[in-house]
1. Calculated FRET efficiency, L14 and E111, Cβ-Cβ r, R0 35 Å, to nearest 0.05?
2. Label points 7 Å out from Cα along the Cβ direction at R139 and L88: separation in nm?
3. Using modelled backbone amide H atoms (1.01 Å from N, in-plane), which distant-in-sequence or interchain residues come within less than 5 Å of T157's amide H?
4. If r is the Cβ-Cβ distance from T99 to A68 and R0 is 30 Å, what FRET efficiency results, to the nearest 0.05?
5. Using 0.36 nm per residue of separation minus the Cα-Cα distance, give me the extension gain between E119 and I78 in nm, one decimal.
Amino acid sequence: MRIASGLVTTVALLIGSTVYSWAQGPGASSSPTPSPTSSDPTTGSALILVVLALVVIGIVVVARRVSARRRRTEEAVILQSQLSDFVLRETQLRGLSITPRARVLGWRKPEVTVEVAGEVPTPDLRDTAMRVVSSEAKRLRPDVTAEDHLFIVPPRTASGTSAKEASLPR
C-alpha cells in the first residue's frame, strides 16, 4: 500500500508541476492561425489522473490477489507439515515411505488437495494409509480432499526377488 500511495503522490506532483507548461497549449503558439481545438489544460490533466487512478487500482487488485495466494500457499505448507509429522508418528504407517503433499488450486474458491504418495507393500496398507491420512487431513481442515498416489510394491527378499516370486515353485 505504501508503494501505491508513493506512486500516486509522485504522479500528482508531476502533473501539478506541468499543468501550465503544455507545449501546445492555447497560449504557446506565436503564429496568427487559430488552433483547431481549444482545449483546457485541466481537461488533459483530469484525463491523465483518471488513467493513473485506474492503473493504481489495478496494481492494488493484483497485489491483493498475490497476497491471498501467498497466504493460502503458506496454509497448505503448514497442513503438509502437520500431515507429515502425523504420518511419522502413526504406528500403522511406521517404516513406510509415505509423503503427503498439499497443493492449493483455484483463485476464487481455493481448494486444498493433499496428494499421498509413496510405496506400500500390500493393498490393505494402502487403504489404511489413505484412510488414516484422509481422516487426519479432514480433522485439521474440513475442506481438504485427499488423492491416492500410492504404489503397491511387494517387499524384496535378500536374493532380490519379491516375496511372492520366492514362494512360487520352480
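What follows is calculated from the coordinates using simple rules that are stated; it is not laboratory data. Computed from a predicted model, the values in this text were never measured in an experiment. Here Cβ is always computed from backbone atoms with ideal geometry, including for glycine, and neighbour counts include all displayed protein chains.
1. Working: r = 45 Å, r/R0 = 1.27.
Calculated transfer efficiency: 0.20.
2. Label-label distance for R139 and L88, simple model: 1.8 nm.
3. Result for T157 returns S162, A163.
4. About 0.65, to the nearest 0.05.
5. Numbers: separation 41, 0.36 × 41 = 14.76 nm, distance 2.35 nm.
Here the answer is 12.4 nm.
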